[in-house]
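Input: a single structure, listed below in structure tokens.
The values are calculated or read from the model by the stated rules, or taken from the named source; none is laboratory data. Here the structure is a predicted model, which means the values were calculated and not measured. Neighbour counts are summed over all protein chains in view; Cβ atoms, including those assigned to glycine, are modelled from backbone coordinates with ideal geometry. Accessible surface is based on the protein model in full, side chains and every heavy atom, while ligands, DNA and RNA are left aside. Shrake-Rupley method; radii C 1.70, N 1.55, O 1.52, S 1.80 Å.
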Amino acid sequence: MTANLETLDCARDALIDRVDSTLKATGEEFPYFANPETGTWDTTDNGNWCGGHWIGLLWFAAGHADDETRTKRFAAAARSHSETMAEYMPRASMFCGMNFHLSGFKGYDATGDRALFGLGLEGADAMVAAFDETARQVPLGQLAIKGPDQFRGPESSHGPPGDRLGAVDAVHTSLPVLWRAYAETSEARFRDIAVSHADRHLDWYVREDGSTWHHAVFEGDTGELERQYNELALSDDTCWARGQGWHIAGLARAYAETGARRYLNALRKSVNYHRKNAPSDGVPQWDYAAGSDEPRDTSAAALVAYGLTILPSQSETADLREYGREILATLIDGYLVTDTDANNRGAVLHGCFNRPGQYADDHELLWTNYYVAATITAIYDQQ
């Protein structure tokens with residue numbers, strides 16, 4: 001079952017209300033995750049790894065708000081948060097591409113402001129500069145992720161250095177800004193690096209059954225693969241659900257941009273793995289092998305829904321696009337707070353950030369809200 005336009009409109013309005021209440025509560029700070037009972041946000045000063053999602057939500061709300069006062073307030077907040085994040089964001093980080101894509105190019109789409117367009121191009125240039133030609137990867141890079149000690153960072157002894165550590169996330173965090181930059185400029189370097197990274201992604205992260213590894217460590221001089229391991233999964237033999245979501249969204253975009261069958265074939269295999277191993281509603285536990293009493297991760301489901309919804313409208317992708325809409329309907333019906341009296345109206349609940357570290361493992365996550373909003377927007381755009 002998919003959601004009709006009336007249901008999508010109601011969900012959109014609830015999400016806008018959550019942006020409104022969040023902005024009032026957090027001000028110049030960036031929301032990170034919220035207590036599901038109280039709706040109170042943990043915040044960061046600068047957006048950390050995911051601040052672009054908040055800016056994207058602000059632009060979403062500005063574009064759909066029902067009165068001019070709220071529109072102006074959301075747009076002003078999007079601009080001020082973009083300035084803060086742009087000043088902070090380490091350019092040598094795979095997250096720079098995602099965040100500058102959402103704040104820069106998406107901000108330009110909303111406003112026509114060429115300064116924001118330039119921020120998007122800066123993000124693409126940063127991904128070009130970060131690209132390791134021998135490994136054919138944009139590595140994790142240098143950004144200290146806010147979280148428990150189990151999270152690695154540039155000063156951490158956990159795991160290898162960030163300049164020779166790849167991540168399954170990067171196919172989504174690093175490449176969309178490159179695809180967009182190529183579409184805008186026709187400069188082959190953007191396309192060539194995106195394709196090279198995506199092809200290596202197929203080699204290093206995708207298992208035969210369609211599941212994925214979290215990390216790939218490569219040798220610094222030769223770029224040769226040393227080993228693969230899972231940081232946020234149950235074990236090295238299982239699959240981290242949000243990593244699978246990043247992977248599905250990234251491959252869907254790669255196929256949409258190139259039409260290359262290898263991306264569609266790998267995507268279909270990975271979606272089949274998700275369908276086989278997630279509960280019937282499409283919202284998986286944080287690891288596909290985790291027991292039914294373990295936390296779900298709606299952020300993984302939202303990424304899958306988003307990726308499948310942005311696939312090109314073709315007969316051979318119709319079943320995938322339909323499945324993406326079914327997952328969105330589940331998220332709206334079963335996980336989105338729509339009660340008009342709730343202090344967290346518009347929250348998407350049951351996101352699992354970091355279960356191994358027992359950190360925000362059953363919470364409202366900023367990026368879940370964003371990908372639900374982005375999926376709704378994608379469906380609107382297709383009408």
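So which of 37, 28 ends up being open to solvent by 10 Å² or more (accessible area, probe 1.4 Å), farther than 21 Å from residue 375 by Cα, among the acidic types (Asp, Glu) and touching a helix residue (DSSP H, G or I) at 6+ places or on another chain (Cβ under 8 Å)? Break it down stepwise before answering.
Numbers: 37 fails: touching a helix residue (DSSP H, G or I) at 6+ places or on another chain (Cβ under 8 Å).
Answer to the check: 28.
Considering only the stretch 220-235, how many residues are of a type in the set (Phe, Trp, Tyr) and modelled with pLDDT of 95 or more?
Quick first cut of the stretch 220-235, residues of a type in the set (Phe, Trp, Tyr) only: 229.
Among the residues that remain, those that are also modelled with pLDDT of 95 or more are: none.
Number satisfying all stated conditions: 0.
Restricting to the stretch 33-56, what's the tally of residues that are part of a helix (DSSP H, G or I) and more than 19 Å from residue 297 (Cβ to Cβ)? Show your work before the answer.
We begin by selecting, within the stretch 33-56, every residue part of a helix (DSSP H, G or I); these are 51-56.
Next, from what is left, pick out any that are more than 19 Å from residue 297 (Cβ to Cβ): 51-52, 54-56.
Here the count works out to 5.
Starting from the stretch 331-342, take each residue that is more than 22 Å from residue 297 (Cα to Cα) and list its partners that are open to solvent by 30 Å² or more (accessible area, probe 1.4 Å), counting only C-beta distances under 9 angstrom and pairs at least six apart or across chains.
Taking only residues 6 or more apart or on different chains, the pairs are 340/17.
On the given criteria, is residue 319 assigned to a helix (DSSP H, G or I), open to solvent by 20 Å² or more (accessible area, probe 1.4 Å) and free of Cβ contacts under 8 Å to residues at least 24 places away in the same chain?
Values: assigned to a helix (DSSP H, G or I): yes; open to solvent by 20 Å² or more (accessible area, probe 1.4 Å): yes; free of Cβ contacts under 8 Å to residues at least 24 places away in the same chain: yes.
Here the answer is yes, as residue 319 does meet what is asked.
So the check is Cβ under 8 Å with 6+ separation or different chains; which pairs have a first residue in the stretch 52-79 that's of a type in the set (Asp, Glu) and a second one that's open to solvent by 10 Å² or more (accessible area, probe 1.4 Å)?
Pairs that qualify, where the first residue is of a type in the set (Asp, Glu) and the partner is open to solvent by 10 Å² or more (accessible area, probe 1.4 Å), are 66/13.
Give me the pairs: first residue in the stretch 352-381 and farther than 20 Å from residue 293 by Cβ, second residue in a helix (DSSP H, G or I) and basic (Lys, Arg), beta-carbon distance under 6 Å, and six or more apart or on different chains, which are they?
Within 6 Å, the pairs are 376/12.
For the stretch 333-376, enumerate the residues that are within 18 Å of the chain's Cα centre (by Cα) and assigned to a helix (DSSP H, G or I).
Residues satisfying the conditions are 366, 367, 368, 369, 370, 371, 372, 373, 374, 375, 376.
Yes or no, residue by residue, for (1) farther than 20 Å from residue 246 by Cβ; (2) buried (at least 24 other Cβ atoms within 10 Å of the Cβ):
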{"position": "72", "(1), (2)": "yes, no"}
{"position": "90", "(1), (2)": "no, no"}
{"position": "93", "(1), (2)": "no, yes"}
{"position": "109", "(1), (2)": "yes, no"}
{"position": "112", "(1), (2)": "yes, no"}
{"position": "118", "(1), (2)": "yes, no"}
{"position": "125", "(1), (2)": "yes, no"}
{"position": "128", "(1), (2)": "yes, no"}
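Does the stretch 225-239 hold any residues that are among the acidic types (Asp, Glu) and either crowded, with 17+ Cβ neighbours inside 10 Å or within 22 Å of the chain's Cα centre (by Cα) (or both), and which are they?
The answer is 231, and nothing else.
Might you check whether a residue that is polar (S, T, N, Q), within 15 Å of residue 353 (Cα to Cα) and in contact (Cβ under 8 Å) with a residue 60 or more places away in the chain occurs anywhere in the stretch 215-229? Don't jump to the end; show me each part of the working.
To start, the set of residues in the stretch 215-229 that are polar (S, T, N, Q) comprises 222, 228.
When the remaining residues are screened for being within 15 Å of residue 353 (Cα to Cα), the result is none.
Looking through the stretch 215-229, none of the residues is polar (S, T, N, Q), within 15 Å of residue 353 (Cα to Cα) and in contact (Cβ under 8 Å) with a residue 60 or more places away in the chain.
Scan the stretch 10-25 and give yes if some residue there is open to solvent by 30 Å² or more (accessible area, probe 1.4 Å), touching a Lys or Arg at 6+ places or on another chain (Cβ under 8 Å) and either within 20 Å of residue 373 (Cα to Cα) or at pLDDT below 95 (or both), otherwise no.
From the stretch 10-25, those open to solvent by 30 Å² or more (accessible area, probe 1.4 Å) are 10, 12-13, 17, 21, 24-25; that's our starting set.
After this cut, where a residue has to be touching a Lys or Arg at 6+ places or on another chain (Cβ under 8 Å) as well, the list is 17, 21.
Restricting the remaining residues to those that are either within 20 Å of residue 373 (Cα to Cα) or at pLDDT below 95 (or both) gives 17, 21.
Within the stretch 10-25 (the criterion being open to solvent by 30 Å² or more (accessible area, probe 1.4 Å), touching a Lys or Arg at 6+ places or on another chain (Cβ under 8 Å) and either within 20 Å of residue 373 (Cα to Cα) or at pLDDT below 95 (or both)), the answer is yes, since at least one residue qualifies.
On the basis of being over 19 Å from the mean Cα position of the chain (by Cα) and either more than 30 Å from residue 161 (Cβ to Cβ) or not small (Gly, Ala, Ser) (or both), does residue 61 make the cut?
On the way: over 19 Å from the mean Cα position of the chain (by Cα): no; either more than 30 Å from residue 161 (Cβ to Cβ) or not small (Gly, Ala, Ser) (or both): yes.
Against the criterion (over 19 Å from the mean Cα position of the chain (by Cα) and either more than 30 Å from residue 161 (Cβ to Cβ) or not small (Gly, Ala, Ser) (or both)), residue 61 does not qualify.
Those residues that are open to solvent by 40 Å² or more (accessible area, probe 1.4 Å), in a helix (DSSP H, G or I) and not polar (S, T, N, Q), I need them from the stretch 254-294; list them, please.
256, 257, 261, 262, 268, 269, 275, 276
Can you name the residue in the stretch 295-316 that is touching a Lys or Arg at 6+ places or on another chain (Cβ under 9 Å) and within 17 Å of residue 272 (Cβ to Cβ) and is also surrounded by the fewest Cβ atoms within 10 Å (Cβ to Cβ) among such residues?
311
Just a yes or no: is a residue in the stretch 6-26 out of contact with any strand residue (DSSP E or B) (no Cβ under 8 Å at 6 or more places or on another chain), outside any helix (DSSP H, G or I) and small (Gly, Ala, Ser)?
Among the residues of the stretch 6-26, not one is out of contact with any strand residue (DSSP E or B) (no Cβ under 8 Å at 6 or more places or on another chain), outside any helix (DSSP H, G or I) and small (Gly, Ala, Ser), which makes the answer no.
Would you point out which residue out of 202, 178, 121, 232 is in a loop (DSSP other than H, G, I, E, B) and of a type outside the set (D, E, K, R)?
Numbers: 202 fails: in a loop (DSSP other than H, G, I, E, B); 178 fails: in a loop (DSSP other than H, G, I, E, B); 121 fails: in a loop (DSSP other than H, G, I, E, B).
When all the criteria are applied, what remains is 232.
If we keep just the residues of the stretch 201-221 that are in contact with a strand residue (DSSP E or B) (Cβ under 7 Å, 6 or more places away or on another chain) and farther than 12 Å from residue 168 by Cβ, which is most open to solvent (accessible area, probe 1.4 Å)?
Pass one, the stretch 201-221, residues in contact with a strand residue (DSSP E or B) (Cβ under 7 Å, 6 or more places away or on another chain): 204-206, 212-219.
With farther than 12 Å from residue 168 by Cβ added as a condition, the list becomes 217-219.
On the way: 217: 2, 218: 0, 219: 56 Å².
In this case the residue turns out to be 219.
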